[in-house]
Ligand code: AP5
Ligand code: MG
């Protein structure tokens, strides 16, 4: 299973990608998580990435493409992966296509999650992320069992620096300008399936699974 989760910031890409990765027993490859990890480690790439992330801007394509290519070449990605937050520009999508076709592989599904701006602002304002393992929840919509403590590893929950209202507005602008052209890109390839991201986390997961199952039936000729 090679699946791309697309959608604006706060659409629930990470939440759903995590659930899909568990369902299909494959890695959840989130470029945002990878860059946050690099920032935490203080690596040279992390220091550079932070300048862009704090402004809500995209990190330059060559850095992102190199990092993802290296990740999907790892043995645990041999049977598939869920891409979350990548590709985000047409140049990234083209690089991914080239790199997959070189390996005789292809993307199976591109799921685009649609959520209105007002809902995005609410979701991001209440999001909390684990400092240790990256687990995500929401103070109202999907709270942790103990306030401020990660359900997954017991780590401390914090609010992402780029979830301030000003940076969220910048991220939304960047999404509309640089990432929405990908909708047409994947539409033309016949891979795009748009679903509404309004509703509960489980409802959205079921919607994605319906699309995946439908496509499977079509391609296997059942
Ligand atoms: P990234 O980490 O990818 O951020 P993003 O795309 O802005 O998306 P988010 O992670 O904010 O939202 P999400 O869709 O994952 O939502 P979530 O599931 O958490 O990127 C961060 C930065 O890194 C970028 O700005 C850029 O600088 C850089 N970067 C990353 N990739 C890059 C690339 N390819 N190229 C260049 N730069 C790149 O859900 C949000 C909240 O809502 C949570 O609290 C969740 O619990 C809650 N929630 C989820 N679903 C529901 C629901 N159905 N109902 C109610 N609440 C819900
Ligand atoms: Mg995310």
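Quick check on region 29-49: of everything there that is over 30 Å from residue 202 (Cβ atoms) and not in a helix (DSSP H, G or I), which residue is nearest to ligand 1 (Cβ to nearest atom)? The qualifying residue nearest to ligand 1 (Cβ to nearest atom) is 43. So, in region 50-66, exactly how many residues are part of a helix (DSSP H, G or I) and more than 29 Å from residue 25 (Cβ to Cβ)? Looking only at that region, the number is 7. For region 71-93, the criterion of a residue being over 18 Å from residue 5 (Cα atoms), surrounded by 15 or more Cβ atoms within 10 Å (Cβ to Cβ) and modelled with pLDDT under 95 is satisfied by no position. Among the residues of region 1-60, the ones that are within 13 Å of ligand 2 (Cβ to nearest atom) and at positive phi come to 3 in all.
Selection of region 105-134 for residues being in contact (Cβ under 8 Å) with a residue 24 or more places away in the chain, within 14 Å of ligand 1 (Cβ to nearest atom) and part of a loop (DSSP other than H, G, I, E, B) yields 115, 116, 134. Could you figure out which of (1) away from ligand 1 (no atom under 12 Å from the Cβ); (2) surrounded by fewer than 19 Cβ atoms within 10 Å (Cβ to Cβ); (3) assigned to a loop (DSSP other than H, G, I, E, B) isn't true of residue 26? All conditions are met except number (2). For the residues 134, 104, 190, the requirement of being closer than 22 Å to residue 67 by Cα and exposed (fewer than 13 other Cβ atoms within 10 Å of the Cβ) singles out 104. Answer yes if at least one residue in region 159-166 is assigned to a helix (DSSP H, G or I), more than 27 Å from residue 24 (Cβ to Cβ), within 15 Å of ligand 2 (Cβ to nearest atom) and in contact with a helix residue (DSSP H, G or I) (Cβ under 6 Å, 6 or more places away or on another chain), and no otherwise. Among the residues of region 159-166, at least one is assigned to a helix (DSSP H, G or I), more than 27 Å from residue 24 (Cβ to Cβ), within 15 Å of ligand 2 (Cβ to nearest atom) and in contact with a helix residue (DSSP H, G or I) (Cβ under 6 Å, 6 or more places away or on another chain), which makes the answer yes.
When residue 176 is tested against the conditions (1) over 14 Å from residue 15 (Cβ atoms); (2) part of a loop (DSSP other than H, G, I, E, B), the lone failure is (2).
Scanning region 67-79 for residues that are within 11 Å of ligand 1 (Cβ to nearest atom) and in a strand (DSSP E or B) turns up nothing.
The values are calculated or read from the model by the stated rules, or taken from the named source; none is laboratory data. If you're wondering where the values come from, they're calculated on a predicted model, not measured in any experiment. Please note: Cβ atoms are built from the backbone with ideal geometry, for glycine as well, and neighbour counts cover all protein chains shown.
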